[in-house]
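Worksheet for the structure shown next.
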Amino acid sequence: MDLKGKHLIAPLDFTIQETESLFTVAQRIIANPESYSGALKGKLLATLFYEPSTRTRFSFEAAMLRLGGQVIGFSEPSSSSAAKGESIADTIRTVACYADIAVMRHPKEGSALVAARHAEIPIVNAGDGGHHHPTQTLTDLLTIKIEKGSFNNITVGVCGDLKFGRTVHSLITALNRYSGVKFVMISPQELRIPDYLREKLIQSNADFEETYDLKEALPKLDVLYMTRVQRERFFNEEDYIRLKDSYILDLPKLRKAKKDLMILHPLPRVNEIHADVDADPRALYFKQAKNGMYVRMALLMALLGKEG
Ligand code: NCD
């Protein structure tokens, strides 16, 4: 695998083989984390978060620290020169003078791509508006791989805000490269997947259906990917309030689901999964969050040219 010096902006930036080798390294790290404790000694990660984050930022920071590297960054744009009107291009040129790699989350679609064009260090997109979130997808895929062994011939339900949910856009795009994947898109009419994504699915002959009905879809699913309604991307609060509780997954609804269903969620959860579901062995979202750190360890090593 030679990912040294590359950026990760969109879910198809790495080939299937490159992605597989990241998973191999992540699984080696899971099996033997101590032996990686000095792997990135002397390297510095910058985390530039212009939008709120818990898991993505902490898992990247924890990943770097657990590899023996160090971290600088901000979690609030108000504490950076963005508050003075500095452009992304200038900020990233400056950060590249100090750090070896940067992870960026920004509310504007395309912002990570702009950063990558102006940076001489690897840039990782940790979410650009309602567009993509490729490292969440690595997390999701690693979790599916660990549980199911492969991505082929599975039926994946994605449920909730499919319009604004960047994790969904990246996951569907990435899974569509594997054969035999069936998608069931479950959402209110107003929160269906964006047209560009539907067109791509049609062009590639993907097997997918769109429905409102979670209960009816549930029994056929191998993976159910729940998402929250993305309040911050709505134009008005009334629409958000009307749509926010469109789906609430609870134990009675799960009665007809497969025994080996995987329930995933990128988190944060608001109301869409009842807390009672957490104790069900099919609820894997906190495991998924943990896998996020391991796959980000593998990613940081690969982009910084360290063999795993
Ligand atoms: C997601 C995001 O930021 O898009 N969170 C995450 O990174 N795990 C999902 C969300 O905010 O709903």
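The values are calculated or read from the model by the stated rules, or taken from the named source; none is laboratory data. In this text the structure is predicted, and so the values were computed from the model without any measurement. Note that each Cβ is placed from the backbone with ideal geometry, even for glycine, and that neighbours are counted across all protein chains shown. Each accessible area value is taken on the protein alone, full model and side chains, heavy atoms only, with ligands, DNA and RNA left out. Shrake-Rupley method; radii C 1.70, N 1.55, O 1.52, S 1.80 Å.
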task = Out of the residues in region 197-232 that are of a type in the set (V, I, T) and part of a strand (DSSP E or B), state the one that is surrounded by the fewest Cβ atoms within 10 Å (Cβ to Cβ).
result = T211
key: Condition broken by F235, with the remaining ones in (1) open to solvent by less than 20 Å² (accessible area, probe 1.4 Å); (2) of a type in the set (F, W, Y); (3) at pLDDT below 95 satisfied   = (1)
query = Within region 66-85, is even one residue more than 16 Å from the ligand (Cβ to nearest atom), free of Cβ contacts under 8 Å to residues at least 24 places away in the same chain and either open to solvent by less than 50 Å² (accessible area, probe 1.4 Å) or in contact with a Ser or Thr (Cβ under 9 Å, 6 or more places away or on another chain) (or both)?
reply = yes
ask   = On the given criteria, is L254 free of Cβ contacts under 8 Å to residues at least 40 places away in the same chain, more than 30 Å from F58 (Cα to Cα), surrounded by 18 or more Cβ atoms within 10 Å (Cβ to Cβ) and of a type outside the set (V, I, T)?
value = yes
query = Does region 37-54 hold any residues that are of a type outside the set (A, V, I, L, M, F, W, C) and surrounded by fewer than 21 Cβ atoms within 10 Å (Cβ to Cβ), and which are they?
reply = S37, G38, K41, G42, K43, E51, P52, S53, T54
key: Test: residue in region 116-124 that is crowded, with 24+ Cβ neighbours inside 10 Å, within 16 Å of the ligand (Cβ to nearest atom), within 13 Å of I9 (Cα to Cα) and in contact (Cβ under 8 Å) with a residue 60 or more places away in the chain   = yes
ask   = Among the listed residues T19, T15, which satisfies the condition of being touching a residue at least 12 places away in the same chain (Cβ under 8 Å), under 25 Å from S150 (Cα atoms) and more than 16 Å from the ligand (Cβ to nearest atom)?
value = T19
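Can you name every residue in region 55-65 that is within 16 Å of the ligand (Cβ to nearest atom) and surrounded by fewer than 23 Cβ atoms within 10 Å (Cβ to Cβ)? Reasoning before the result, please.
Kept after step one, since they are within 16 Å of the ligand (Cβ to nearest atom), are these residues of region 55-65: 55-63.
Within region 55-65, R55, R57, F58, E61, A62 qualify.
Checking the condition closer than 30 Å to L22 by Cα, among the hydrophobic types (A, V, I, L, M, F, W, C) and in a helix (DSSP H, G or I), which residue from L300, L267 passes? Give the steps one after another, and end with the answer.
Details: L267 fails: in a helix (DSSP H, G or I).
The match here is L300.
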request  = Test each condition in (1) more than 15 Å from the ligand (Cβ to nearest atom); (2) buried (at least 24 other Cβ atoms within 10 Å of the Cβ); (3) in contact (Cβ under 8 Å) with a residue 60 or more places away in the chain for A102 and report the one that comes out false.
outcome  = (3)
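Out of region 280-295, which residues are in contact (Cβ under 8 Å) with a residue 60 or more places away in the chain and open to solvent by 10 Å² or more (accessible area, probe 1.4 Å)?
Within region 280-295, L284, K287, A289, N291, M293, Y294 qualify.
Looking for something free of Cβ contacts under 8 Å to residues at least 40 places away in the same chain and within 14 Å of the ligand (Cβ to nearest atom) - is there at least one such residue anywhere in region 236-246?
Of the residues in region 236-246, the ones free of Cβ contacts under 8 Å to residues at least 40 places away in the same chain are 236-238, 240-242, 244-245.
So of that shortlist, the ones also within 14 Å of the ligand (Cβ to nearest atom) come out as 240, 244.
Yes, region 236-246 contains at least one residue that is free of Cβ contacts under 8 Å to residues at least 40 places away in the same chain and within 14 Å of the ligand (Cβ to nearest atom).
Can you find a residue that is under 21 Å from the mean Cα position of the chain (by Cα), in a helix (DSSP H, G or I), hydrophobic (A, V, I, L, M, F, W, C) and within 25 Å of F164 (Cβ to Cβ) anywhere in region 143-152?
In the first step, residues of region 143-152 are kept if they are under 21 Å from the mean Cα position of the chain (by Cα); the result is 143-152.
Filter once more, so that each one left must be in a helix (DSSP H, G or I): 143-148.
Remaining after also requiring hydrophobic (A, V, I, L, M, F, W, C): 144, 146.
Now drop any that are not within 25 Å of F164 (Cβ to Cβ), which leaves 144.
Looking through region 143-152, at least one residue is under 21 Å from the mean Cα position of the chain (by Cα), in a helix (DSSP H, G or I), hydrophobic (A, V, I, L, M, F, W, C) and within 25 Å of F164 (Cβ to Cβ).
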inquiry  = If I filter region 128-172 down to residues being hydroxyl-bearing (S, T, Y) and open to solvent by less than 30 Å² (accessible area, probe 1.4 Å), which single residue comes out as nearest to the ligand (Cβ to nearest atom)?
reply    = T167
note = Result of the Cβ filter at 6 Å on region 207-224, keeping first residues that are without any contact (Cβ under 8 Å) to a residue 40 or more places away in the chain and partners that are assigned to a strand (DSSP E or B), at least 6 apart or interchain, is D207/K182; F208/F183; E209/V184; E210/M185; T211/I186
